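Taken together, the values in this text are just the output of simple stated rules run on the coordinates, not laboratory data. Just so you know, these numbers come straight off a predicted model, no measurement behind them. Reconstructed Cβ throughout: ideal geometry from the backbone, glycine too, with neighbour counts over all protein chains shown.
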2 protein chains.
Amino acid sequence: MDSITILGLIGGTFTTASFFPQVFKTWKTRSTKDVSSGMFVLLSVGITFWIAYGVKIGSVPVIAANSVSLVLTLAMLGMKFLYK
Amino acid sequence: MDSITILGLIGGTFTTASFFPQVFKTWKTRSTKDVSSGMFVLLSVGITFWIAYGVKIGSVPVIAANSVSLVLTLAMLGMKFLYK
């Protein structure tokens, strides 16, 4: 694996991991008042395009990171809908 | 501009734009109780690596989108610190 791919994998690990504390916090508190639903709607759409972009340029970090991010983003949207 | 770059620019526009409703909501409500600081700390670190990755692979969408995202992520962190 070359150094550029490693750089992307580190970036992808951090940005994807970033959704875990938010999902965990929301799961624990059942409170989403301060969380913007617009943020997670736009994120879901954008991340889908990033996955397509990753496929087209053949970038493993872009595909892998964004696929996990999409699952977590949809989980946040679901909780935003369930816990007002 | 080729179709792959356009795909990345659309993805970047959406994911970057996603931070605006959250920053706007937080700015308006001055309330960050439900927002995870861990999320925005990890995002800031990860986005910095994505910028470096974008520079290395020469991807304009990756560099542009992540630079704006970094500014908005840092704004959220600042507000999380200011408005408990």
Under the Kirkwood approximation for Rh and a Cα-based Rg, what ratio Rg/Rh is obtained for the stretch A:1-54?
1.08
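From the helices alone, meaning DSSP H stretches of at least four residues, give me the mean residue ellipticity at 222 nm for the protein assembly as shown, per-run term -39500 (n - 2.57), in deg cm²/dmol to the nearest 500.
Calculated from helices alone, the mean residue ellipticity at 222 nm is -28000 deg cm²/dmol.
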Nearest 10 degrees is fine. How inclined is helix A:3-17 to the longest principal axis of chain A, computing both from alpha carbons?
10 degrees
Find which of A:MET1, A:GLY54, A:THR13 sits farthest along the positive direction of the dipole of the protein assembly as shown, computed with +1 on the beta-carbon of Lys and Arg, -1 on that of Asp and Glu, about the Cα centre.
A:THR13
Would you mind checking the tilt of helix B:19-29 against the longest principal axis of the Cα atoms of chain B, expressed as 0 to 90 degrees and rounded to 10?
10 degrees
May I ask you to list the lysines whose Cα is less than 26 Å away from that of A:LYS84, ignoring any residue fewer than eight positions away on the same chain?
A:LYS25, A:LYS28, A:LYS33, B:LYS25, B:LYS28, B:LYS33, B:LYS80, B:LYS84
Per-residue average of Cβ from other chains inside 10 Å of B:20-26:
5
I'd like the orientation of helix B:37-57 relative to chain B: the angle between its Cα long axis and the longest Cα principal axis, in ° from 0 to 90, rounded to 10.
20 degrees
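Relative contact order of chain A: what whole-number percent is it, with Cα pairs under 8 angstrom and at least 6 residues apart?
On the way: 71 pairs, mean separation 37.3, N = 84.
So the answer I get is 44 percent.
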Across the residues of A:48-58, average count of Cβ atoms on other protein chains within 10 Å?
6
Across 5 Å bins from the origin, how do the percents of Cα pairs in the protein assembly as shown run, short distances first?
2, 10, 19, 24, 20, 13, 8, 4, 1, 0
Counting Lys and Arg as +1 and Asp and Glu as -1, each charge on the Cβ, what is the dipole of chain A about the Cα centre in debye, to the nearest 20?
460 debye
For the rotation that brings chain B onto chain A, whose beta-carbon in chain B is nearest the axis, and what is that distance in whole angstrom?
B:ASP34, 2
At 7 Å out from Cα toward Cβ: B:VAL60 inter-copy label distances (nm, ascending):
2.9
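Expressed in nm to one decimal, what extension gain is obtained for the pair A:ILE4 and A:LYS84 from 0.36 nm per residue of sequence separation less their Cα-Cα distance?
Numbers: separation 80, 0.36 × 80 = 28.80 nm, distance 4.18 nm.
Separation in residues times 0.36 nm, less the Cα-Cα distance, equals 24.6 nm.
Local charge sum around A:MET79 (other residues, Cβ-Cβ under 14 Å, Lys/Arg +1, Asp/Glu -1)? If you can, show how the numbers build up before the last one.
Numbers: positive: A:LYS25, A:LYS28, A:ARG30, A:LYS33, A:LYS80, A:LYS84; negative: A:ASP34, B:ASP34.
Surrounding charge for A:MET79 is +4.
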